Each structure stands twice: as structure tokens, then as C-alpha cells.
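Everything on this sheet refers to the single structure shown next.
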Amino acid sequence: MKITATFHQDSELIRFLQKLEGPEMQQAAARGLNEHAGEQARQSVVRIAATTGVPAGRVRSKTRVVKAAPGPSMTAEVVTADVAIPLAEYGNPVWVRDLNPMSDGKFGGSVSSMRGAEATGWNVRRQFPHSFIANGQVVVRTTKDRFPLKVLSMAVLANELAKPTRPNVPASERFAALDLEKRVVRQVIRTLGL
């Protein structure tokens, strides 16, 4: 679609239109876009923490905003590290050793009646079969030998941020429809001094 407009040769109007094309307007638009991206990141951290049960500080430490640079086409992104969060960071994992009559009777032996360590993942407390706690992490043996051990983890933060099936994506799209234009227009009006 092409739109043609005819303006009077008023010097104020010409200066106004030239001001809209200048680098100040690109800087104003970039400021508005970066402001919106920062708010998107904050809201995404809150939503991901609520959905997955991962502490918000942990999600925030792995989330950053790549700011837009002023120019003809600008892009600001919210990026989360592609990291799987270990079960131990969700809360208080538990694995109890039973009192073993073959040991000294005080500390218990290496035998447990639990099916596995109990931990919280996705806001649900459950047992993870064949797992136990070593060095504060919920682990499982990968072979019949004593080592190697595999640390169990749950949410991958990058998936939570970007997969369309996750609740963060539709909420972010709704927020962008409401907020982005307002922030950019406000920064442009500030620059114009209106």
C-alpha cells in the first residue's frame, strides 16, 4: 500500500518532519525498544520461575537482554542460557539412609528403603527411582560401577523461554502487543520535546 501526502511549505512542519528522520529518532526508538525488552525479560523470569519452580534469582542470572542499536532496522532480544537446572537447586532434596544393624547403629549404612532421592521438580515433590544424593546433588549411576555418576536435572531454561507450547511465549506476545508501541512512542515524544 502506498500513501501520498501533500504538505504546506511551512518551515515548522518541514523541520518537524526532518527531525523525525534524524538519528535522534532512531536513538529514541532504540531506547523504547530496549526498555520494552528489559520489561519482557523481567516478566519472563517471573513466569519461568513460577512455572518450573526454579528460583527466580537462578533464572535471572542466566537471562540477559541483547540491546538494540540505533539504525534503520533494530532488534532487541531476551536470551537465556541453554542450561539444565540440577534438581538440587529446586529446593531441599532428601535421601535417607536407614539404620543398618550391620553398621555401628548410629549413623546408618549405605542401605536405604527409599526408592530414590526425593526432590522437587516443576513444583511437584516426588521420588526419582535409583537416585541418591552425593555432594549435595541428586545423582544416579550410569553403569554398574561406582563411577561415573550423572547429575539429574529438570528444566532447560532456553526451552521455557522460547518454545511456543510453553506459557511464556503467548504471554510475551500479548505483552508486546500492548506495550511495545507505547514505549517507543513515549521515547519519541520525549525526544521531540512535546
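Every condition in (1) touching a Phe, Trp or Tyr at 6+ places or on another chain (Cβ under 7 Å); (2) of a type outside the set (D, E, K, R); (3) open to solvent by 90 Å² or more (accessible area, probe 1.4 Å) is met by A117 except one, and the failing one is (3).
Taking Q9 as the residue in question, decide whether it is part of a loop (DSSP other than H, G, I, E, B), at pLDDT below 90 and either open to solvent by 40 Å² or more (accessible area, probe 1.4 Å) or closer than 30 Å to T191 by Cβ (or both). Criteria met by Q9. Apart from one condition, V45 fits all of (1) surrounded by fewer than 18 Cβ atoms within 10 Å (Cβ to Cβ); (2) without any contact (Cβ under 8 Å) to a residue 24 or more places away in the chain; (3) under 20 Å from P170 (Cβ atoms); the exception is (1).
Yes or no, residue by residue, for (1) in a strand (DSSP E or B); (2) open to solvent by less than 60 Å² (accessible area, probe 1.4 Å):
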| position | (1), (2) |
| --- | --- |
| F128 | yes, yes |
| I133 | yes, yes |
| V140 | yes, yes |
| A155 | yes, yes |
| E160 | no, yes |
| K182 | no, no |
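Checking each residue in the range 36-71 for being in contact with a strand residue (DSSP E or B) (Cβ under 8 Å, 6 or more places away or on another chain) and among the polar types (S, T, N, Q) picks out Q40, S44, T52, T63. Every residue in the range 164-180 that is among the polar types (S, T, N, Q) and open to solvent by 100 Å² or more (accessible area, probe 1.4 Å), please. T165 - this is the single residue of the range 164-180 that is among the polar types (S, T, N, Q) and open to solvent by 100 Å² or more (accessible area, probe 1.4 Å).
The rows are residues; the columns are (1) within 20 Å of R58 (Cβ to Cβ); (2) at pLDDT below 90.
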| position | (1), (2) |
| --- | --- |
| G109 | no, yes |
| R115 | no, yes |
| T120 | yes, yes |
| V138 | yes, no |
| F147 | no, no |
| E160 | yes, yes |
| N168 | yes, yes |
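The values are calculated or read from the model by the stated rules, or taken from the named source; none is laboratory data. All values reported here derive from a predicted model rather than from experimental measurement. Methodologically, a virtual Cβ is constructed for each residue, glycine included, from the backbone with ideal geometry; neighbour enumeration extends over all protein chains shown. Keep in mind that these areas ignore ligands, DNA and RNA; they rest on the heavy atoms of the full protein, side chains included. Shrake-Rupley method; radii C 1.70, N 1.55, O 1.52, S 1.80 Å.
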